[in-house]
Amino acid sequence: MGAALAAALQAAGHDVLWASAGRSEATRARAAGLTDAGTVAELVARCEAVLSVVPPHAAIELAESLPPFRGIFVDANAVSPETARRVGATVERFVDGGIVGGPPAPRLYLSGDEAGEVAGLFAGSPVATEVVASASAVKCAYAAWTKGSGALLLAIRDLARAEGVEAALLEEWARSQPQLAGRLAAAERSAAAKGWRWIGEMKEIAAAFAAHGLPPGFHEAAAAVYAAASRDAGAAAARKP
């Protein structure tokens, strides 16, 4: 997703920097065509805005480790509003962001005093932007359904399989809920490929629910489902010759 936002900013005519120090060959390949600042310290010294797009569990750590920076820091991670506020407290100028949809043309929700300025950076690019009261809350609420319901389908499939009625359930779905077969297949693919990233996101959503006295258990369970899917995917990969 970071590469998609970088490409969009380039399409809008901006110079986009990245820091190669300590990064993998896969990251270097994704960053092809970007300006290499070498180190994070050099990057923040040369940039007017920094976009953070990392797994949710790393959002606070990244912000806290950033060298002194007087530009706009955009936290575009899948975190709860409370975590976004914690990130915002570590930087001088903060914009809360939330990404919905996938590359190459996701939607970027933005909030904060300088949200309009960040939105302007993407003018003329494939990324649509919208300024709202709380970008992280929009992202939480959206993913609570899309990824939460996917985890529920996976858990239901596992129950039916454990009870020996998976085939019967799939046949009944084909008759009365024909859309679920495709959704289950998509959930399986996504969980195998990205479930490790979604564990933290489900925990962030659970925290957002709990902060308003709403039951967090739905998404705590979803985090456990994605953790199991991640373990299964890792075990399957280890078995390949």
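At-a-glance table
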quantity: For E130, net neighbour charge (Lys/Arg +1, Asp/Glu -1) across residues whose Cβ lies under 14 Å away; calculated: +1
quantity: Region 64-79-region 191-232 distance, computed between alpha-carbon centres (Å); calculated: 24
quantity: Cβ crowding within 10 Å averaged over residues, with 59-65, 160-166 ranked highest first; calculated: 59-65, 160-166
quantity: Ellipticity estimate at 222 nm from DSSP helix runs (n ≥ 4, -39,500 (n - 2.57)) divided over the chain, nearest 500; calculated: -18500 deg cm²/dmol
quantity: Debye-sum result for region 47-164 in log10 I(q)/I(0), which assumes one identical scatterer on each alpha carbon, at q = 0.18, 0.20, 0.22 Å⁻¹; calculated: -0.88, -1.05, -1.22
quantity: Three principal axis lengths of region 128-241 [C-alpha, angstrom, descending]; calculated: 46, 40, 32
quantity: Using a Förster distance of 51 Å, the FRET efficiency for A21-L170 (Cβ separation, nearest 0.05); calculated: 0.55
quantity: Among 21-28, 110-117, 99-106, 203-210, the order from most to least packed when residues are scored by Cβ within 10 Å on average; calculated: 203-210, 110-117, 99-106, 21-28
quantity: Coarse-grained scattering of region 44-106 at q = 0.20, 0.23 Å⁻¹, given as base-10 log I(q)/I(0) from a Debye sum over alpha-carbon atoms; calculated: -0.73, -0.93
quantity: 16 Å tail of the calculated P(r), region 116-177, as % of Cα pairs; calculated: 66
quantity: Estimated FRET transfer efficiency when R0 is 30 angstrom, pair A11-S65 (beta carbons, to 0.05); calculated: 0.55
quantity: Scaled radius of gyration (Cα, divided by 2.2 N^0.38 Å) that the chain gives; calculated: 1.11
quantity: For peptides 29-42, 174-187, sequence by mean Cβ density within 10 Å, most packed first; calculated: 29-42, 174-187
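Read the figures in this text as sums done on the coordinates, not as results from a lab. Just so you know, these numbers come straight off a predicted model, no measurement behind them. All Cβ positions, glycine included, derive from the backbone under ideal geometry; neighbour counts span all protein chains shown.
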